[in-house]
Amino acid sequence: MTFNFVTLFPKIVDGYFSDSILKRAVDNSSIRVNYFNPRDYSINKHSKVDAPLVGGGAGMLMSIQPLDDCLSEIKRDDSLTKIIFLTPVGKKFRQNDAIRLSKESSITFVCGRYEGFDERVLEGYADELFSIGDFILTGGELGALVMCDAISRNIGGVLGNSDSLIQESFENNLLEAPNFTKPNIYKENSVISEFLKGNHSKISSIKLKLSLLKTKYFRPDIYSKVKADYEK
């Protein structure tokens, strides 16, 4: 999988791939990461990449020309890349999106700055628009990294143990059940006794019940959508 980041600040993104799981994924070629700075495409003599809003309004907007030329070059070199814009108007990014997008061969994240994008760039290049939540950030880089991390975990070879994906939160539309490690008793708090007996069928049943309870308590919005499936 190739991830392209269109950003005015590549260093913000690059550091995330210098450690841990995603560094190993880059090192073993499970993922490839490229950076494209719209400033490098600006024809302005001062390499400016922002301009006032037509019709007035506070702040500046990312200039259309540098983005247009940048994205045009990316599409010319990789016609199959899926271009994703990070914007508050986009749909909420979910785990099912991460799984679906992990099947792509190439994704290009366009990270906004200032007051966002000229609408004509969205109309000309956007395959999908995403938001990571109902709040405003100073730029799209953090959102792009969140998406890239979530997508990458579902790509073969990225995680050391692919079984880690099986019982994660949201995989079955529920939050993950509580987990424990040794020691079995710590400060008078004990691991659930049935977890120590090796009956995997019973453990799975208990985990499902705990997962339902956890989802009902912490995410009633999710629970209300799935409870009928589990209360039959």
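Just so it is clear, none of the values below were taken in a lab; they were calculated from the coordinates. Bear in mind the structure is a predicted one, so any value in this text is a computation, not a measurement.
Brief remarks follow.
- Cα-based equivalent ellipsoid of the chain: semi-axis lengths in Å, sorted from largest, via gyration tensor: 42, 20, 16
- Using the Karplus relation 6.51 cos²θ - 1.76 cosθ + 1.60 with θ = phi - 60°, the per-residue 3J(HN,Hα) values for segment 86-94 come to 8, 8, x, 7, x, 6, 5, 6, 10 Hz, with x marking Gly and Pro.
- Residues whose amide H falls under 5 Å from that of L61, counting only those 5 or more places apart or on a different chain, are A51, L53, E115, with hydrogens built in the peptide plane.
- Couplings for segment 142-158, taken from phi via the Karplus curve 6.51 cos²θ - 1.76 cosθ + 1.60 with θ = phi - 60°, read 4, x, 5, 5, 4, 5, 4, 4, 5, 5, 4, 4, 9, 9, x, x, 7 Hz in order; Gly and Pro are left as x.
- Cα long-axis angle, helix 200-218 against the chain (0 to 90 degrees, to the nearest 10): 50
- Segment 4-96: relative contact order in percent, alpha carbon pairs under 8 Å with at least 6 residues between: 21
- Distance distribution P(r), segment 52-106, all Cα-Cα pairs, bin width 5 angstrom from 0: 4, 13, 15, 19, 18, 15, 9, 6, 1 percent.
- 27 Å Cα-Cα threshold exceeded, pairs from K23/K82; K11/K82; K45/K92; K91/K202; K182/K207: K45/K92; K91/K202
- Pairwise centroid distance, computed over Cα atoms, of segment 6-74 with segment 89-152, Å: 13
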